[in-house]
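Worksheet: one structure, shown below.
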Amino acid sequence: MKALVFENPGSADVLHLHEAADPVPSSGELLVAVTAAGLNFADIYRRQGRYPLAGSSPYIAGYEGAGRVIAVGENVTDWKTGDRVGFADVPLAHASHIRVPVDHAIRLPEWLSETDAAAVLLQGLTADYLLHDVLPLRAGMHVAVLAAAGGVGRLLLQMLKHQDIHAFAVASSLEKQKSCLELGADAAANYDTWPEQVRLWQSAGCDGLC
């Protein structure tokens, strides 16, 4: 297989392609040919040396992606060769092949491309966790979303709108605030004024904060 690796922390210049033996799935795992892999700030921070690295070099970054199953390990009954799969929180995703535990494998619907799945899973699962585990939702709530123009924030705004919940977006610039309004936020403000602006928007304040 091919993998995007680095031996020592640094800028993007330290990255290079590396040839390695194809992995073999263990019991309860899928072997996936990676079509697309996500790139998050955590991957960049690891490459820069700002996050600790496990194992030894060469290091392979990446924790989410999507592709097609090319082999299954023992005790795997619900997946077969050729199935389209997304995965999140699985290390070593920046490679052509990856072993994916079945409890981290997500079956992709036909309408979702592998590229889109790879781009959305970590942030999407984070947004889903915030809205359904940290902040149980009910229709008509008023929720403020910080960092609303970021990856998780943009998904939060769309998910809130879909569930008939009023969203107040907090973003640093007018351009970002405009983008948030286009995604479904009812109002937006910057970090200096948002507490006062929330009160003008909803006199009783917000029911929750993301």
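Given a 1.4 Å probe and the protein chains all in place, what does the accessible area of V152 round to, in Å² to the nearest 10?
40
Using only the Cα atoms of segment 1-77, each taken as one equal point scatterer with no solvent, compute I(q) by the Debye sum, divide by I(0), and report log10 of the ratio at q = 0.13, 0.14, 0.22 Å⁻¹.
-0.47, -0.54, -1.08
Among L130, L17, L160, which one shows the highest mean-square fluctuation when the chain is modelled as a Gaussian network with alpha-carbon springs under 10 Å?
L17
Rounded, prolate or oblate: pick one for segment 64-210, where a ≥ b ≥ c are the square roots of the eigenvalues of its C-alpha gyration tensor, a/c under 1.5 means rounded, and failing that, prolate if a/b is larger than b/c, else oblate.
Prolate shape, in that a/c is at least 1.5 and a/b is the bigger ratio.
Note down the accessible area of F6, probe 1.4 Å, to the nearest 10 Å².
Number for this one is 0 Å².
Please label the shape of segment 124-210 as rounded, prolate or oblate, based on the square roots a ≥ b ≥ c of the eigenvalues of the alpha-carbon gyration tensor (a/c under 1.5 means rounded; beyond that, a/b larger than b/c means prolate, else oblate).
oblate
I'd like the FRET efficiency for E110 and D192, computed as 1/(1 + (r/R0)^6) with the beta carbon distance as r and R0 of 35 Å, rounded to 0.05.
The value I calculate is 0.15.
How about segment 103-210: which chymotrypsin sites (Phe, Trp or Tyr not before Pro) there lie in a loop by DSSP and see at most 14 other Cβ atoms within 10 Å?
Sites meeting the loop and neighbour criteria: W111, Y191.
Percent of accessible area on segment 146-210 owned by carbon and sulfur, 1.4 Å probe?
51
Of all trypsin sites (Lys or Arg not before Pro) in segment 106-183, which ones are in loop regions per DSSP and have a Cβ with at most 10 other Cβ atoms within 10 Å?
R138
Straight distance only, please: which lysines reach the Cα of K178 with their own Cα at less than 28 Å, same-chain residues fewer than 8 apart left out?
By straight Cα distance, K178 reaches K161.
Please build a GNM for the chain, connecting alpha carbons under 10 Å apart, and tell me which residue among V145, V14, V90 fluctuates the most.
Comparing V145, V14, V90 in the GNM, the peak value goes to V14.
With a ≥ b ≥ c the root eigenvalues of the C-alpha gyration tensor of segment 1-154, is it rounded (a/c under 1.5), prolate (a/b larger than b/c) or oblate?
Oblate, since a/c reaches 1.5 and b/c is not below a/b.
Compute the accessible area per residue over segment 140-180, keeping the other protein chains in place, probe 1.4 Å, unit Å².
The answer is 44 Å² per residue.
Tell me, how many Å apart are the Cα centres for segment 63-97 and for segment 3-53?
So the two Cα centres are separated by 15 Å.
The values are calculated or read from the model by the stated rules, or taken from the named source; none is laboratory data. Just so you know, these numbers come straight off a predicted model, no measurement behind them. For neighbour counting, all protein chains shown are included, and Cβ atoms are generated from backbone atoms with ideal geometry for every residue, glycine included. Please note that ligands, DNA and RNA were not included when accessible areas were found on the heavy atoms of the full protein model with its side chains. Shrake-Rupley method; radii C 1.70, N 1.55, O 1.52, S 1.80 Å.
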